[in-house]
């Protein structure tokens, strides 16, 4: 995808002729049509995204703010074994973090779709 804006000629400091006026206004008109999506681009690659098209809200507070597991364990017959209760805390911490990551990815996907004009 490439934008297709028309080059706008420099405005002459002296007299503006009829021909240069037409070239200037035509370039401005083409660019406005590209920005508004009314020029007929199949892919709308040059269309601008307006602020009111972005509906994604803030994610809010992250649930995973601290690790509850402490890394507790015991040694049984010379083998280190995690403490069951601490292990359960770790599993819950990981699940909470995964839920936060999922919500973040979902929000980013929504935002990207809105920026692409697909939502």
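No value in this document is a laboratory result; all are computed from the given coordinates. Quick caveat, the model's predicted, so the values are computed rather than measured. Counting neighbours? That spans all protein chains shown, and the Cβs are built from the backbone with ideal geometry, glycine included.
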*Which one is right for this structure if semi-axes √(5λ) of the Cα gyration tensor in Å is calculated from it: (1) 19, 16, 15; (2) 61, 14, 12; (3) 26, 13, 12?*
(2)
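Report, in deg cm²/dmol and to the nearest 500, the calculated mean residue ellipticity at 222 nm for the chain, where each DSSP H run with n ≥ 4 adds -39500 (n - 2.57) and the sum is divided by the residue count.
-15000 deg cm²/dmol, from helical runs alone.
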*Based on Cα positions only, what radius of gyration and what Dmax would you give for the range 1-48, in angstroms?*
12.7, 40
_Can you tell me the orientation of helix 18-36 relative to the chain, as the angle in degrees between its alpha-carbon axis and the longest Cα principal axis, to the nearest 10?_
20
*asked:* Using Cβ contacts closer than 10 Å as the measure, can you line up 47, 116 from fewest to most?
replied: 116, 47
_Averaging the inverse of every distinct alpha carbon separation and then flipping it gives the Kirkwood radius. What is it for the range 51-119, in angstrom units?_
14.9
